[in-house]
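Trainee: Before anything else, here's the structure in question.
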Amino acid sequence: MDQENNSGVTEFVLHSLSGSRELQIFYFAFFTLFYLSIVLGNLLIVLTVFYEPSLHTPMYFLLSNLSFIDVCLSTFATPKMIVDFLVEHKTISFEGCMAQIFFLHVFAGGEMMLLVAMAYDRYVAICRPLHYATIMNVRKCVSLVVGSWLIGVLHSVSQLVFTVNLPFCGPNRVDSFFCDLPLVIKLACTDTFTLEVLMLSDSGLMAMCSFLLLLVSYAVVLLTVWRRSSAGMAKARATLAAHIAVVTLFFGPCIFIYAWPFSSLPVDKFLSIFYTVFTPLLNPLIYTLRNKEVISAMQKLRHRQVSS
Ligand SMILES: *[C@@H]1O[C@H](CO)[C@@H](O)[C@H](O)[C@H]1NC(C)=O
């Protein structure tokens, strides 16, 4: 693609969290620690599910896939942000910027769909337990995973084809630590109203619908558990409260940024940290590491490691 012909901008300047030199070094250490925990925690889950035959069930396959997407989601921009804390001029090439937009929407879209798939899995397990084995077979599980990635890619491409062809000629300062779509669109030197409406109905609607779907599925599950016994209720409520908390932390900022794109606010850059850093860290903590089966599988693996 020949960008330079129709646009003067060949690179963008990123504006990370500002502050003194000491503060930058603190951010560097802080986010490095965060990033390493995300990668190690999630890889540990993927490996545990992979090596432990007792965890070869749809629920754990989906959890392991979520961990994998979390690693991707935290890797497309965060390492660059971390290195940038030590760099004076934080720039990114035009292609790099488009790549970041592409991957953000593939991974975030895939993650949203996977969360919905996991909610569906739990819904079937709790509300239709007798049919669970026939409904959630391996084929269904694979198609849910493949479908999530496919929707993520289609969703991302559908917005990117319009973005790469925008003319950029003037300011090239992106007020965030990575290229987020609304911020980049704002820099185009043309009327972007149509594109913003497209983004609103694509990203905004997708986030909003999956969020509502998740809340409804949680409500149905909670209602079912409650009708059956009040003893199971306390445990289910605690688990669900944790899920609702992490899902809200992920979807809240997405919806805020993408469903009100016409007014990009300075706070957007802090909010985007929620879906690139905090969610990938919280997911394994909430979904998996509170799970006794996973913990005991990890211990079993460690013993096997030690004895071999
Ligand atoms: C994702 O899910 C599929 C389908 O169940 C499974 O075969 C695969 O091993 C999972 N991948 C990861 C990384 O967990």
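The values are calculated or read from the model by the stated rules, or taken from the named source; none is laboratory data. Values in this document were obtained by computation on a predicted structure and should not be read as measured data. Glycine also receives a Cβ, built like all others from the backbone with ideal geometry; neighbour counts cover every protein chain displayed. Only protein heavy atoms, including side chains, enter the accessible area calculation; ligands, DNA and RNA are left aside. Shrake-Rupley method; radii C 1.70, N 1.55, O 1.52, S 1.80 Å.
Trainee: Can LEU14 be described as surrounded by 13 or more Cβ atoms within 10 Å (Cβ to Cβ), under 28 Å from PHE270 (Cβ atoms) and either modelled with pLDDT of 95 or more or within 25 Å of the chain's Cα centre (by Cα) (or both)? Break it down into steps so the answer makes sense when it comes.
Mentor: Numbers: surrounded by 13 or more Cβ atoms within 10 Å (Cβ to Cβ): yes; under 28 Å from PHE270 (Cβ atoms): yes; either modelled with pLDDT of 95 or more or within 25 Å of the chain's Cα centre (by Cα) (or both): yes.
Against the criterion (surrounded by 13 or more Cβ atoms within 10 Å (Cβ to Cβ), under 28 Å from PHE270 (Cβ atoms) and either modelled with pLDDT of 95 or more or within 25 Å of the chain's Cα centre (by Cα) (or both)), LEU14 qualifies.
Trainee: Can I ask one more? Tally up the residues in the range 14-36 that are part of a loop (DSSP other than H, G, I, E, B) and farther than 20 Å from GLN100 by Cα, please.
Mentor: Step one: of the range 14-36, the residues part of a loop (DSSP other than H, G, I, E, B) are 15-20.
Right, trim to farther than 20 Å from GLN100 by Cα and you get 18-20.
Going through the range 14-36 one residue at a time, the tally reaches 3.
Trainee: Select from the range 66-95 the residues that are of a type in the set (Gly, Ala, Ser) and open to solvent by less than 20 Å² (accessible area, probe 1.4 Å) and write down the one among them that is nearest to the ligand (Cβ to nearest atom).
Mentor: Narrowing the range 66-95 to residues of a type in the set (Gly, Ala, Ser): 67, 74, 77, 93.
Next, from what is left, pick out any that are open to solvent by less than 20 Å² (accessible area, probe 1.4 Å): 67, 74, 77.
Working: SER67: 7, SER74: 15, ALA77: 21 Å.
For the range 66-95, the residue satisfying everything is SER67.
Trainee: Output the residues belonging to the range 193-237 that are open to solvent by less than 40 Å² (accessible area, probe 1.4 Å) and aliphatic (A, V, I, L, M).
Mentor: LEU195, MET199, MET206, ALA207, LEU214, VAL221, VAL225, MET233, ALA236
Trainee: A further question on this structure: Take HIS243 and decide whether it is under 17 Å from the mean Cα position of the chain (by Cα), surrounded by 15 or more Cβ atoms within 10 Å (Cβ to Cβ) and modelled with pLDDT under 90. Steps first, please.
Mentor: Details: under 17 Å from the mean Cα position of the chain (by Cα): yes; surrounded by 15 or more Cβ atoms within 10 Å (Cβ to Cβ): yes; modelled with pLDDT under 90: yes.
Considered against the rule, which asks whether it is under 17 Å from the mean Cα position of the chain (by Cα), surrounded by 15 or more Cβ atoms within 10 Å (Cβ to Cβ) and modelled with pLDDT under 90, HIS243 comes out as yes.
Trainee: When you scan the range 63-77, do you find a residue that is in contact with a Pro (Cβ under 6 Å, 6 or more places away or on another chain), in a helix (DSSP H, G or I), of a type in the set (A, V, I, L, M) and closer than 30 Å to PRO167 by Cα, even just one?
Mentor: Yes, the range 63-77 contains at least one residue that is in contact with a Pro (Cβ under 6 Å, 6 or more places away or on another chain), in a helix (DSSP H, G or I), of a type in the set (A, V, I, L, M) and closer than 30 Å to PRO167 by Cα.
Trainee: So is THR57 more than 25 Å from THR10 (Cα to Cα), of a type in the set (S, T, N, Q) and more than 21 Å from the chain's Cα centre (by Cα) or not? Please lay out each step first, then the result.
Mentor: Details: more than 25 Å from THR10 (Cα to Cα): yes; of a type in the set (S, T, N, Q): yes; more than 21 Å from the chain's Cα centre (by Cα): yes.
So THR57 fits the description; yes.
Trainee: Six or more apart or on different chains, Cβ atoms under 6 Å: show the pairs whose first residue is in the range 28-46 and under 14 Å from LEU282 (Cβ atoms) and whose second is open to solvent by less than 80 Å² (accessible area, probe 1.4 Å) and outside any helix (DSSP H, G or I).
Mentor: none
Trainee: Go through the range 40-56 and give me each residue that's more than 28 Å from ILE273 (Cβ to Cβ) and within 9 Å of the ligand (Cβ to nearest atom).
Mentor: PHE50, HIS56
Trainee: Can you tell me which residue among ARG173, ARG128 is closer than 30 Å to LEU222 by Cβ, of a type in the set (D, E, K, R) and open to solvent by 70 Å² or more (accessible area, probe 1.4 Å)? It would help to see each step written out before you state the result.
Mentor: Numbers: ARG173 fails: closer than 30 Å to LEU222 by Cβ.
Exactly one of ARG173, ARG128 is closer than 30 Å to LEU222 by Cβ, of a type in the set (D, E, K, R) and open to solvent by 70 Å² or more (accessible area, probe 1.4 Å), namely ARG128.
Trainee: Give PHE211, PHE178, PHE193 a once-over and let me know the one that is within 16 Å of PHE103 (Cα to Cα) and more than 16 Å from the ligand (Cβ to nearest atom).
Mentor: Details: PHE211 fails: within 16 Å of PHE103 (Cα to Cα); PHE193 fails: within 16 Å of PHE103 (Cα to Cα).
Only one candidate passes the filter, namely PHE178.
Trainee: Please find, within the range 144-161, the residue that is farthest from the ligand (Cβ to nearest atom) out of those that are crowded, with 16+ Cβ neighbours inside 10 Å and of a type in the set (S, T, N, Q).
Mentor: Looking at residues that are crowded, with 16+ Cβ neighbours inside 10 Å and of a type in the set (S, T, N, Q), I get GLN159.
Trainee: Going by the structure shown, is CYS141 of a type outside the set (S, T, N, Q) and away from the ligand (no atom under 16 Å from the Cβ)?
Mentor: Working: of a type outside the set (S, T, N, Q): yes; away from the ligand (no atom under 16 Å from the Cβ): no.
Spelling it out, it is not the case that CYS141 is of a type outside the set (S, T, N, Q) and away from the ligand (no atom under 16 Å from the Cβ).
Trainee: (1) within 16 Å of the ligand (Cβ to nearest atom); (2) open to solvent by 80 Å² or more (accessible area, probe 1.4 Å): which one isn't true of GLY110, the others all being true?
Mentor: Against the list (1) within 16 Å of the ligand (Cβ to nearest atom); (2) open to solvent by 80 Å² or more (accessible area, probe 1.4 Å), GLY110 comes up short only on (2).
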